[in-house]
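S.K.: Could you have a look at this structure, given as structure tokens, before my questions?
The values are calculated or read from the model by the stated rules, or taken from the named source; none is laboratory data. Everything numeric in this text was worked out from a predicted model, so none of it was measured. Neighbour counts are summed over all protein chains in view; Cβ atoms, including those assigned to glycine, are modelled from backbone coordinates with ideal geometry. The protein model used for the area step is the full one, side chains on, heavy atoms only, and it has no ligands, DNA or RNA in it. Shrake-Rupley method; radii C 1.70, N 1.55, O 1.52, S 1.80 Å.
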Amino acid sequence: MRNIALALSVLALTSASAAADCTSEVNDAFAKLRKSAAFRMETKIANSAGTLSMSNDYVLPNRMHQSVTMETGAPGKMEMILVDGKAWSNQANAGWAEVPADFANKIAKQMQETVVDAPKDESKYECLGDVTLDGKTYTGYRTVRDQQKTDGSNGTEKAIQTVYVDKDLGIPARNIVTLEKAPDKRIFDGTFSLQEGLKIEPPKL
């Protein structure tokens, strides 16, 4: 499950867990998240331009509220609401305005392809077994993928993605990406949480 980027972090593998292919378990966890009434994905993305923080609330199949802030260089928070194929934006608290239909269609299509539908990613995930992150134990899964270089240059570099699944709920809780050459530096850190009772409505203009 993705929205603009992917996620992960490095953990030690035992010889037994490294050999097992647990891709179906990762797919099942994201499928269970998509079947929930509503959920939130909060992410931090680091690249050569700085660090971007993004919060996405989803009420599937067609409602989203996104908030984006940059630590440096941006005038303020940028928001977007998508409801039933229509979209509105609020740039740096300037007030809500409906966006053109063609742009709203692109946002709706992106949400359909990256959130609502099952991902088309063909990555294979290894089983990590029980892993601890921030004092809590999860079921962990890892894959290695090609990542666009984060320094702004052309080409790709190897990145490690680790998915942490909540052992009680059976849904992804964290999705962390690090570069293979710099395993302690997170270039993407995503947190998922269920949002019972969440409602997303068109803004008041």
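S.K.: Evaluate region 12-22: report whether one residue or more is modelled with pLDDT of 95 or more and either open to solvent by less than 60 Å² (accessible area, probe 1.4 Å) or within 21 Å of L169 (Cβ to Cβ) (or both).
M.R.: No - not one qualifying residue is present in region 12-22.
S.K.: Across region 162-205, what is the total count of residues that are in contact with a helix residue (DSSP H, G or I) (Cβ under 6 Å, 6 or more places away or on another chain), at negative phi and either open to solvent by 30 Å² or more (accessible area, probe 1.4 Å) or outside any strand (DSSP E or B) (or both)?
M.R.: The number of residues fulfilling the criteria is 1.
S.K.: Do the conditions hold for N105, that is, is it polar (S, T, N, Q) and over 23 Å from K44 (Cα atoms)?
M.R.: Judged against the criteria, N105 is a match.
S.K.: With the condition kept exactly as written, say whether any residue in region 30-41 is part of a strand (DSSP E or B), in contact with a Phe, Trp or Tyr (Cβ under 8 Å, 6 or more places away or on another chain) and more than 23 Å from G140 (Cβ to Cβ).
M.R.: No, the conditions are met nowhere in region 30-41.
S.K.: Looking at (1) open to solvent by 30 Å² or more (accessible area, probe 1.4 Å); (2) closer than 19 Å to A159 by Cβ; (3) at pLDDT 95 or above, which is the only condition K32 fails?
M.R.: Just one mismatch for K32, condition (2).
S.K.: Now, a different point. Report whether or not A97 is of a type in the set (A, V, I, L, M, F, W, C) and without any contact (Cβ under 8 Å) to a residue 12 or more places away in the chain.
M.R.: For A97, the condition - of a type in the set (A, V, I, L, M, F, W, C) and without any contact (Cβ under 8 Å) to a residue 12 or more places away in the chain - is not met.
S.K.: Kindly evaluate N62 against the criterion of being under 21 Å from D102 (Cα atoms), in contact (Cβ under 8 Å) with a residue 40 or more places away in the chain and either surrounded by 15 or more Cβ atoms within 10 Å (Cβ to Cβ) or within 15 Å of the chain's Cα centre (by Cα) (or both).
M.R.: Here the answer is yes, as N62 does meet what is asked.
S.K.: Now a separate question. When the residues of region 148-161 are narrowed to those that are open to solvent by 50 Å² or more (accessible area, probe 1.4 Å), in a strand (DSSP E or B) and not basic (K, R), which ends up nearest to N47 (Cα to Cα)?
M.R.: Q148
S.K.: What number goes with the only condition from (1) open to solvent by 30 Å² or more (accessible area, probe 1.4 Å); (2) in contact with a strand residue (DSSP E or B) (Cβ under 6 Å, 6 or more places away or on another chain) that W88 does not pass?
M.R.: So W88 meets the others, but not (1).
S.K.: Considering only residues that are of a type in the set (D, E, K, R) and in contact with a Phe, Trp or Tyr (Cβ under 9 Å, 6 or more places away or on another chain), look in region 106-147 and name the one that is surrounded by the fewest Cβ atoms within 10 Å (Cβ to Cβ).
M.R.: Among them, the one singled out is D130.
S.K.: For region 144-176, give me each residue that is hydroxyl-bearing (S, T, Y) and either out of contact with any Asp or Glu (no Cβ under 7 Å at 6 or more places or on another chain) or farther than 17 Å from D121 by Cβ (or both).
M.R.: The answer is T150, S153, T162, Y164.
S.K.: Give just the number: which of (1) modelled with pLDDT of 95 or more; (2) out of contact with any strand residue (DSSP E or B) (no Cβ under 7 Å at 6 or more places or on another chain); (3) of a type outside the set (D, E, K, R) does S193 not satisfy?
M.R.: (2) is the only condition that S193 fails.
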